[in-house]
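The structure appears below as structure tokens.
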Amino acid sequence: MVRESRYAPVVLNLLVAVAVSLVVNFSYLLLFFVDQRSEQPKPPDERIVRRAGEGVLSVSPDGHGYLIYPGGDSVYVTIQRIRRLNLRDGDRLVADLVPRRAGAHPMLTAVRMRNGREFDYGALFNRPSETVEMSLQLLYYLLVSFILLSILTSVRRNYTPGRFARRCMWCLAAAVGLYLLAPVTDWHTGRIELNFMGGRMLDYMLLLKCSFAVVVSMLFGWTYVLISRQQAVVMENERLKNENLATRYNMLVGQINPHFFFNSLNTLAMLVREKLDQKALTYIDQLSYTFRYIIQNGQSTLMTLEEELKFVEAYSYLFRIRYADKLFFDIDVEERYLQWTLPALTMQPLIGNAVKHNTITRNNPLHVSIRTRDGWLEISNPKVPKLEAEPSTGIGLENLSNRWRLITGRDIEIVDDGHTFTVRMPLQKPAGQ
């Protein structure tokens, strides 16, 4: 079963928080880059107009300003200019003006005198740069989104509607607290301070941006919880399915091994009683190889045809010792199929059944044929039933059929025309072919 990494939700929440922060501050970023381009050195502007006398700066609550001259004439001052030059409401300014377009009223472009003194541009460096302000805004909304997402997505493991509703209430409470702690810039002093320390708690722009971050975080949190629950159900079903397949497969393999084990011991006992020492030693070697193959590969799902044929060679030797000159194996396998795969121990029950249910004598030797044809493995033998038929439960073929269906998802074909018994099994191509 694939386990969820303990850091995966944290990383995902962080990435979503970054995206929310960028979206919330998109207009701020856009103005920042536009303003940076406007700071590039420019040739002297012949349109600059210098007015005699001073004008008084009036800054509105939203940050826009107007330089008002005696007689009622006024000049517009941009928000960026006020913030960058650290201008305050009521400042008396002597400034350079430039028309925004032909025939339009001019706007402030540079300050010459402030409150009767030459304007000191060097003093502006005490004010936080726009880069610092932008970074604070990005970090603040990243933190807001990350905290809200962490609260919401923590319910994914033990989800109930009630628990999720309580998490939403906690998110709203956290959002109110974070709103009070939001970093804001005072338009008049240029200082960065916490929202609850300022004079304008209900800043509509800050409220709008925080509300957007809350709504997006809650929507994503709800979606993430639903997807996590769905994935958990799928993973649990897959785990149960794999456990069921493993259990059924182990039971099938367990039903094969005892039958083969007792037959092998009987044959070995016969050799010992007849004092055929050399044959008994060779038989033990082949039996050892056969059991080692079963132990090592009995739980494997797929083996190559070449490996299965090596096992058949050792396994058939055990029967040839028992049925000397009466049992033959005709193997005709195309080389191109040797690396194709099939379930392990496929041929063992078929060979065992052929020996068990047919008469094997010198006058009627048994020929077991193993061949490949059109991507299928075919094992066949003539039907020569014993006079006293062996009791048959059919468990061997049933096991084989079930194993092929479980492992490959395909069925084998059993053909019995009364004269020849044939089992056809589809081989699987190796990966990459």
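The values are calculated or read from the model by the stated rules, or taken from the named source; none is laboratory data. The structure presented is a predicted model; accordingly, all values stated were derived computationally and were not measured. Because the Cβ atoms are built from the backbone with ideal geometry, glycine has one as well, and the counts that use them run over all protein chains shown.
Within the range 300-316, the set of residues being closer than 29 Å to A269 by Cβ, surrounded by 18 or more Cβ atoms within 10 Å (Cβ to Cβ) and of a type outside the set (V, I, T) comprises E308, F311, Y315, S316. Residues that are modelled with pLDDT under 95 and either among the basic types (K, R) or farther than 16 Å from G396 by Cβ (or both) are absent from the range 348-355. Taking L350, is it closer than 28 Å to I295 by Cβ, hydrophobic (A, V, I, L, M, F, W, C) and assigned to a strand (DSSP E or B)? It is false that L350 is closer than 28 Å to I295 by Cβ, hydrophobic (A, V, I, L, M, F, W, C) and assigned to a strand (DSSP E or B).
For the range 283-306, does any single residue satisfy the condition of being under 49 Å from the mean Cα position of the chain (by Cα), of a type outside the set (A, V, I, L, M, F, W, C) and either over 26 Å from N399 (Cβ atoms) or modelled with pLDDT of 90 or more (or both)? Looking for residues that are under 49 Å from the mean Cα position of the chain (by Cα), of a type outside the set (A, V, I, L, M, F, W, C) and either over 26 Å from N399 (Cβ atoms) or modelled with pLDDT of 90 or more (or both), one finds at least one in the range 283-306, hence yes. Tell me whether the range 244-258 contains one or more residues that are surrounded by 14 or more Cβ atoms within 10 Å (Cβ to Cβ), out of contact with any Cys (no Cβ under 6 Å at 6 or more places or on another chain), of a type in the set (S, T, N, Q) and modelled with pLDDT of 75 or more. Checking the range 244-258: not a single residue is surrounded by 14 or more Cβ atoms within 10 Å (Cβ to Cβ), out of contact with any Cys (no Cβ under 6 Å at 6 or more places or on another chain), of a type in the set (S, T, N, Q) and modelled with pLDDT of 75 or more. Quick one: M113 ticks every box in (1) over 31 Å from the mean Cα position of the chain (by Cα); (2) assigned to a helix (DSSP H, G or I); (3) of a type outside the set (D, E); (4) at pLDDT 80 or above bar one, so which box is it? Condition not satisfied by M113: (2). On the basis of being modelled with pLDDT of 80 or more, under 26 Å from the mean Cα position of the chain (by Cα) and part of a helix (DSSP H, G or I), does L178 make the cut? Against the criterion (modelled with pLDDT of 80 or more, under 26 Å from the mean Cα position of the chain (by Cα) and part of a helix (DSSP H, G or I)), L178 does not qualify. Being within 29 Å of E306 (Cβ to Cβ), of a type in the set (A, V, I, L, M, F, W, C) and at pLDDT below 85 is true of L400. Tell me whether the range 410-419 contains one or more residues that are modelled with pLDDT of 80 or more, surrounded by 13 or more Cβ atoms within 10 Å (Cβ to Cβ), within 13 Å of L342 (Cβ to Cβ) and in contact with a Ser or Thr (Cβ under 8 Å, 6 or more places away or on another chain). Yes: the range 410-419 contains one or more residues that are modelled with pLDDT of 80 or more, surrounded by 13 or more Cβ atoms within 10 Å (Cβ to Cβ), within 13 Å of L342 (Cβ to Cβ) and in contact with a Ser or Thr (Cβ under 8 Å, 6 or more places away or on another chain). For the range 322-342, the candidate set comprises residues that are surrounded by 20 or more Cβ atoms within 10 Å (Cβ to Cβ) and of a type in the set (A, V, I, L, M); within that set, the residue that is nearest to R403 (Cα to Cα) is L342. For the range 299-310, the condition holds for at least one residue, the condition being that it is touching a helix residue (DSSP H, G or I) at 6+ places or on another chain (Cβ under 9 Å), of a type outside the set (S, T, Y) and in a loop (DSSP other than H, G, I, E, B). Restricting attention to the range 130-161, the residues being under 22 Å from the mean Cα position of the chain (by Cα) and of a type outside the set (V, I, T) number 9. For first residues located in the range 136-154 and closer than 11 Å to A174 by Cα and at pLDDT below 85, partners that are among the acidic types (D, E) and assigned to a helix (DSSP H, G or I) and lie 6+ apart or on another chain with Cβ distances below 8 Å do not occur.
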